[in-house]
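Some notes on the structure that comes next.
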């Protein structure tokens with residue numbers, strides 16, 4: 001179910017607006033943005049280092065994207081054939097992700113979207129085998145990078161909140177013997193526990209893999 005975000009937009013956001021002209025999109029004074037996963041080709045996915053995170057992983061395993069944002073990583077994972085549960089806390093990001101989901105006609109796929117906090121859903125509504133966590137971190141962007149601008153505009157999460165969420169996910173995976181994948185900027189200075197191994201997934205990011 002799509003959230004009703006009209007009151008949120010009215011009370012919280014004056015410079016950005018969510019449009020309703022046949023599709024949901026972000027409108028700023030200078031440009032428009034909407035989510036369309038069809039620009040990502042599956043042939044390029046297999047060449048992406050991101051693909052290595054799930055190589056030789058059974059397609060029977062359920063993967064949870066604990067902070068889905070606009071759903072791009074969730075889409076890549078589901079295109080690899082996995083059951084994916086995507087959780088997003090922010091109603092605007094969730095609405096945009098849901099619109100992209102419907103645009104790709106994923107209704108009959110193994111991709112499921114959830115609005116809320118991962119701490120309230122994992123272990124209750126969602127029973128994952130692998131958890132993927134991509135906390136939003138600051139990075140330099142250009143004005144042309146609309147995707148990242150939208151994420152950074154709506155994903156303002158304090159380091160303390162990120163640390164608490166990671167602690168919950170880490171303890172849950174440790175208790176249940178699961179795999180936890182944490183996305184981080186390269187050479188990140190963090191207090192997170194040392195991962196079992198790390199994998200560079202782009203020019204600026206890497207994934208830390210915890211296997212319990």
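A short reminder: the numbers here are calculations on the coordinates, not readings from a lab. Treat the numbers as computed from the prediction; the structure is a model and nothing was measured. FYI the Cβ positions are ideal-geometry reconstructions off the backbone, even for glycines, and counts take in every protein chain you see.
For the reader, a short list of remarks on this structure follows.
- Region 45-211: relative contact order in percent, alpha carbon pairs under 8 Å with at least 6 residues between: 22 percent
- With R₀ set to 22 Å, the beta-carbon distance separating residue 203 from residue 158 gives a calculated FRET efficiency near 0.25.
- Simple label model, 7 Å out from Cα along Cβ direction - residue 110 to residue 196, nm: 2.1 nm
- When each of 72, 103 is scored by the number of other beta-carbon atoms lying within 10 Å, the sequence from fewest to most is 103, 72.
- Region 152-212-region 66-102 distance, computed between alpha-carbon centres (Å): 18 Å
- When its C-alpha radius of gyration is set against 2.2 N^0.38 Å (N residues), region 45-211 gives a value of 0.98.
- Fully extending the segment from residue 60 to residue 171, taken as 0.36 nm per residue of separation minus the present Cα-Cα distance, adds 37.6 nm.
- Sites residue 39 and residue 148 - FRET efficiency at Förster radius 22 Å, r taken between beta-carbons, to 0.05: 0.90
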